[in-house]
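**Q** This is the structure, below, for whatever I ask next.
Any read-out appearing in this document is the output of simple, stated calculations on the displayed coordinates, not a laboratory observation. Values in this document were obtained by computation on a predicted structure and should not be read as measured data. FYI the Cβ positions are ideal-geometry reconstructions off the backbone, even for glycines, and counts take in every protein chain you see.
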Ligand code: SF4
């Protein structure tokens with residue numbers, strides 16, 4: 001049940017919006033993909049789209065150097081579309097969620113090809129692009145084109161669940177939170193509104209310790225009035241992540257190079273370079289190494305993926321074989337984090 005019914009929002013919506021937009025005008029975070037609030041310049045949709053894809057499940061400090069690197073190397077969507085898949089995957093290494101990198105390239109190629117390098121300016125047309133979901137389409141439509149779009153990410157869900165003291169736990173509350181967030185969107189500065197809510201969630205209405213005394217909308221916040229703002233959003237307890245096990249083999253040639261393989265396009269880390277590994281299964285494996293060598297046990301590493309945790313036993317040896325051989329210093333930059341950890345372990 002929502003503590004505040006939707007029709008009750010109307011009387012104070014404009015005051016709440018004015019307070020938050022005023023706060024945003026004064027306090028907006030300076031971000032490399034963003035135009036200053038109220039500025040009469042249209043933000044480049046390529047930069048907005050790229051930043052939004054990078055920021056899904058990644059923090060601003062972590063994504064920023066990647067964004068700067070990408071936009072320096074590939075300043076337009078046409079430049080990005082022309083990149084070889086392997087180069088893009090290497091540049092993406094460390095950002096995680098590699099399916100997003102493949103979708104990024106597919107989308108860039110669709111915009112550069114079918115659309116002559118011009119991003120569509122409506123939510124519906126953005127949604128038709130490969131790999132562009134509801135959130136990204138709304139964010140690009142609002143931020144780059146000032147369209148009246150309802151942009152709802154985790155930050156916005158948290159802020160809205162507190163403003164309205166929503167008692168339904170996540171994830172069941174998502175449709176309700178979306179409706180409530182939509183009730184606050186108007187045709188007045190929709191791009192700034194979306195970014196103001198995101199900033200409020202990131203800097204003031206933080207997950208663990210909301211700074212309500214600094215909050216521009218505390219006057220209208222039901223969770224603040226309840227005295228327990230951090231109680232929201234309520235969450236259904238998650239089942240523990242299952243654990244899988246595997247072995248990674250670090251084979252060095254004695255000349256500073258390490259043996260890598262190209263992973264199959266399908267499945268986790270598809271298309272990426274990786275260390276040779278066994279399958280990742282629910283029982284500790286006894287898989288045979290990829291080549292005969294004097295293998296020594298270098299310990300184990302843990303890594304957390306979205307749907308499971310992985311314990312990788314790391315085996316190291318010197319030897320030769322039919323692999324992709326890469327200088328180890330380069331491999332440490334190009335490999336996904338899980339393999340970097342294994343390589344570090346085998347030092
Ligand atoms: Fe969040 Fe507190 Fe502001 Fe409510 S008053 S929106 S809980 S920071």
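**Q** Post the alpha-carbon centroid distance, region 199-255 to region 13-37, in whole angstrom.
**A** 22
**Q** Pairs of Cα atoms under 8 Å, at least six residues apart: use those to get the relative contact order of region 243-345, whole percent.
**A** On the way: 208 pairs, mean separation 39.3, N = 103.
Once normalised by length, the contact order is 38 percent.
**Q** What FRET efficiency comes out for residue 226 versus residue 282 if R0 is 45 angstrom and r is the Cβ-Cβ distance? Round to the nearest 0.05.
**A** 0.55
**Q** Would you mind computing, in nm to one decimal, how far apart the modelled labels at residue 8 and residue 172 are, each placed 7 Å from Cα along Cα→Cβ?
**A** 2.1
**Q** Okay, moving on. What relative contact order, as a whole-number percentage, does the chain give when Cα pairs under 8 Å and 6 or more residues apart are counted?
**A** Working: 548 pairs, mean separation 57.6, N = 347.
The normalised contact order for the chain reaches 17 percent.
**Q** Can you put 156, 204 in order, fewest other beta carbons within 10 Å first? Walk me through the intermediate numbers first.
**A** On the way: 156 23, 204 19.
Lowest count first: 204, 156.
**Q** Test of understanding: express the Cα radius of gyration of the chain as a ratio to 2.2 N^0.38 Å, with N the residue count.
**A** Values: Rg = 23.4 Å, N = 347, 2.2 N^0.38 = 20.3 Å.
Relative to the 2.2 N^0.38 Å estimate, the chain comes out at 1.15.
**Q** While we're looking at this one, here's another question. Relative to the longest principal axis of the chain, what angle (0 to 90°, nearest 10) does the C-alpha long axis of helix 190-203 take?
**A** Around 70 degrees separate the two axes.
**Q** I've got another one for you. Quick one: if you stick a label point 7 Å off each Cα along the C-beta vector at residue 300 and residue 90, how many nm between them?
**A** About 3.3 nm, to one decimal.
**Q** Using the alpha-carbon atoms, what tilt in degrees (0 to 90, nearest 10) does helix 60-73 show relative to the longest principal axis of the chain?
**A** 70
**Q** Apply 1/(1 + (r/R0)^6) to the Cβ-Cβ distance of residue 328 and residue 82, taking R0 = 30 Å, and write down the FRET efficiency to the nearest 0.05. Each step should come with its number before you reach the end.
**A** Working: r = 29 Å, r/R0 = 0.98.
Using R0 = 30 Å, I get an efficiency of 0.55.
**Q** Mind telling me which of 106, 139, 293 comes out most flexible in a GNM of the chain, alpha-carbon contacts under 10 Å?
**A** Top of the fluctuation ranking is 293.
**Q** While we're looking at this one, here's another question. Rounded to the nearest 5, what % of DSSP beta bridges with both residues in the chain are antiparallel?
**A** Of those bridges, close to 60 percent are antiparallel.
**Q** So what are the three principal axis dimensions of region 243-345 from its Cα atoms, in whole Å, longest to shortest?
**A** 37, 25, 22 Å, listed from the longest principal axis down.
**Q** Separate question: Out of all DSSP beta bridges in region 243-345, what portion is antiparallel? Express it as a percent rounded to 5. Numbers along the way, then the final one.
**A** Working: 16 of 26 bridges.
For region 243-345, the DSSP antiparallel bridge percentage is about 60.
**Q** While we're here: Mind sorting 146, 297 by how few other Cβ atoms lie within 10 Å of their own Cβ, fewest first?
**A** Working: 146 19, 297 11.
Ranked by crowding around the Cβ, least crowded first: 297, 146.
**Q** Suppose the chain between residue 265 and residue 18 were pulled fully straight at 0.36 nm per residue; how much longer would it get relative to their current alpha carbon spacing? Write out the running numbers ahead of the final one.
**A** Working: separation 247, 0.36 × 247 = 88.92 nm, distance 4.88 nm.
Length gained between residue 265 and residue 18: 84.0 nm.
**Q** Same structure, new question: As I understand it, the value is the acute angle between the Cα axis of helix 134-145 and the longest principal axis of the Cα atoms of the chain; what does it come to in degrees, rounded to 10?
**A** Between the helix axis and the principal axis of the chain, the angle is about 60 degrees.
**Q** Hey, another quick one. Just rank 205, 221, fewest to most, by other beta-carbon atoms within 10 angstrom.
**A** On the way: 205 30, 221 21.
Lowest to highest Cβ neighbour count: 221, 205.
**Q** For residue 241 and residue 128, compute 0.36 nm times the residue count separating them, minus their Cα-Cα distance, and round to one decimal in nm.
**A** On the way: separation 113, 0.36 × 113 = 40.68 nm, distance 3.30 nm.
Length gained between residue 241 and residue 128: 37.4 nm.
**Q** Once the Cβ-Cβ distance between residue 311 and residue 69 is put in as r, and R0 is 35 Å, what FRET efficiency do you end up with, to the nearest 0.05? Before the final figure, lay out each step's value.
**A** On the way: r = 32 Å, r/R0 = 0.90.
After rounding to 0.05, the efficiency reads 0.65.
**Q** Gain in length, residue 206 to residue 121, computed as 0.36 nm per residue apart minus the alpha-carbon separation, to one decimal in nm?
**A** Values: separation 85, 0.36 × 85 = 30.60 nm, distance 3.15 nm.
Contour length minus Cα-Cα distance gives 27.5 nm.
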